[in-house]
1. Could you please find all residues in segment 134-169 being acidic (Asp, Glu), over 24 Å from His9 (Cα atoms) and modelled with pLDDT under 95?
2. Going through segment 48-103 one residue at a time, which ones are of a type outside the set (Val, Ile, Thr), outside any helix (DSSP H, G or I) and over 18 Å from Thr28 (Cα atoms)?
3. Considering only segment 115-130, I want to know if a residue exists there that is crowded, with 16+ Cβ neighbours inside 10 Å, under 16 Å from Phe54 (Cα atoms), touching a residue at least 12 places away in the same chain (Cβ under 8 Å) and not aliphatic (A, V, I, L, M).
4. Write out, first by first residue and then by second, each pair whose Cβ atoms fall under 9 Å of each other, whose residues are 6+ apart or on separate chains, and whose first residue, in segment 139-167, is under 22 Å from Thr45 (Cα atoms) and of a type in the set (Asp, Glu) while the second is at pLDDT 95 or above and part of a helix (DSSP H, G or I).
5. Given the residues Leu70, Leu44, which is the only one that is farther than 17 Å from Phe126 by Cβ and either surrounded by 14 or more Cβ atoms within 10 Å (Cβ to Cβ) or under 17 Å from the mean Cα position of the chain (by Cα) (or both)?
6. Go through (1) surrounded by fewer than 18 Cβ atoms within 10 Å (Cβ to Cβ); (2) in a loop (DSSP other than H, G, I, E, B) one by one and return the number of the condition Gly112 breaks.
7. Can you tell me which residue in segment 89-98 is surrounded by the fewest Cβ atoms within 10 Å (Cβ to Cβ), limited to those that are over 16 Å from Leu40 (Cα atoms) and touching a residue at least 40 places away in the same chain (Cβ under 8 Å)?
8. Only one of Lys78, Lys25, Lys4 is modelled with pLDDT under 95, loosely packed, with under 15 Cβ neighbours inside 10 Å, more than 11 Å from the chain's Cα centre (by Cα) and charged (D, E, K, R). Can you tell me which?
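The values are calculated or read from the model by the stated rules, or taken from the named source; none is laboratory data. Just so you know, these numbers come straight off a predicted model, no measurement behind them. When we count neighbours, we look across all protein chains shown, and the Cβ atoms used for this are built from the backbone with ideal geometry, even at glycine.
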Amino acid sequence: MKPKKVDDHMSANYAEELGNLLSAKSQTIAVAESCTGGLLGSTLTDVPGSSLYFLGGMVAYSDTIKVELLGVPASTIKKNGAVSEKTSLIMASMITDHFVSDIGIAITGIMGPSGGSPEKPVGTVFLAVASEDDEISKESHFKGTREEIKTASVRAALRLAIEFLDDSC
């Protein structure tokens, strides 16, 4: 059975709003994604003119890639888990270093249908935004199919980045 298409109109609006903020501030952005598998970067690049502010991203789906290529300390993943606030903050910070961007967004979570636990059920997602001077994170819990959770995660990450930029005025 073909998965139901998730309406991503709101994600597109948030991506455009974020792009306008980045352009107005002459800032650049890079993304580090795990559970969304590149959907955040794709959503950002759906906006015409995104090449002015979007530098690129990394899909660090496995813990090995988070450690070896992104630079998340293995001890952080061992102590806190790959799906944690600490891991998401390090991912956001490290992606800014790798791409030499002004800000970085990170998403890590559990999409399901398996992989969850009582402490971190399916739909648990940690989002983070970081710059050289500041960082913000958020824990979210979404319900639905994998596709619905991925879309909700991207929307939430875009909203968090907008909030981050608005607060840094």
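1. Asp167, the sole residue that qualifies.
2. The answer is Ala60, Tyr61, Ser62, Gly71, Pro73, Gly81, Ala82, Ser84.
3. No - not one qualifying residue is present in segment 115-130.
4. Asp166/Leu21
5. Leu44
6. (1)
7. Across segment 89-98, the extreme among qualifying residues is His98.
8. Of the residues listed, the single one that is modelled with pLDDT under 95, loosely packed, with under 15 Cβ neighbours inside 10 Å, more than 11 Å from the chain's Cα centre (by Cα) and charged (D, E, K, R) is Lys4.
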